[in-house]
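Taking it in order: structure first as structure tokens, then the write-up.
The values are calculated or read from the model by the stated rules, or taken from the named source; none is laboratory data. Remember, it's a predicted structure, so these values are computed and weren't measured experimentally. Reconstructed Cβ throughout: ideal geometry from the backbone, glycine too, with neighbour counts over all protein chains shown.
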């Protein structure tokens, strides 16, 4: 018995198609060749993670994506990023503890991406591709509730899930860390809250880990780290708004 094997790579994990072939002819059932489809995916559902970083590279925005060992070449994801007018300058793939991590360096007009609206488009574009090519990921993504084949079994309690920390990171800037329930448009909401009190966002590190958003921002006020009173105002505004996503903008 001879077995023929081929592997198919797109944004999906490799799938082996094994055809059982007899001596010179295909083994047949009801006149059709016997094909066995074997998926490389196991029963456990990995955590989808999207990481966007503006600090690790001096000239480009770094994007890293992982979903256990289920990701393929991500051709469609790169095409989606190019459709946003972005240049994918470099791509690397590493494996750590059986998790495949794909990293892109992205530029716009020869520079790293700084526009919060574009950063959110990048994040949502990647998640949309995850939902399209790995529909099982919808169980662990906030957007899966609307666009996925199966909504998450449990919703995060925003009050419990939200954590905010703010501390000085040298004399000229402060480091803001926010962990909260993810939702579309979250990054833009956070940036608006920050800038509405005249605080500048210098850089951002955006992590989407399943249903949770874990974001870091370097912020400053008039070229200096935030003082205690301004830090308290910013923390209160963020906590009030993020724990009440349905609240009107004017309410805080």
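Answer yes if at least one residue in the stretch 134-144 is modelled with pLDDT under 85, closer than 18 Å to residue 210 by Cβ and loosely packed, with under 14 Cβ neighbours inside 10 Å, and no otherwise.
no
Name the residue, out of 166, 187, that is in contact with a helix residue (DSSP H, G or I) (Cβ under 7 Å, 6 or more places away or on another chain), at pLDDT 90 or above, within 25 Å of residue 129 (Cβ to Cβ) and not in a loop (DSSP other than H, G, I, E, B). Let's see the steps before the verdict.
Numbers: 166 fails: within 25 Å of residue 129 (Cβ to Cβ).
Within the list 166, 187, the selection yields 187.
List the pairs whose first member sits in the stretch 196-213 and is farther than 16 Å from residue 115 by Cα, whose second member is part of a strand (DSSP E or B), and whose Cβ atoms are under 6 Å apart, counting only residues at least 6 apart or on separate chains?
If the second residue must be part of a strand (DSSP E or B), the pairs left are 207/51; 207/214; 208/50; 209/49; 213/180.
Mind checking which residues of the stretch 84-99 are under 15 Å from residue 129 (Cβ atoms) and either in contact (Cβ under 8 Å) with a residue 24 or more places away in the chain or not assigned by TED's automatic domain parsing to the domain that holds residue 127 (or both)?
First pass over the stretch 84-99, keeping only residues under 15 Å from residue 129 (Cβ atoms): 84, 86, 88, 91.
Matches in the stretch 84-99: 84, 86.
Restricting to the stretch 86-127, name every residue that is assigned to a loop (DSSP other than H, G, I, E, B), modelled with pLDDT under 90 and surrounded by 11 or more Cβ atoms within 10 Å (Cβ to Cβ). Steps first, please.
Taking the stretch 86-127 first, the residues assigned to a loop (DSSP other than H, G, I, E, B) are 86, 97-98, 109-110, 112-115.
Among the residues that remain, those that are also modelled with pLDDT under 90 are: 97-98.
The answer is none; no residue qualifies.
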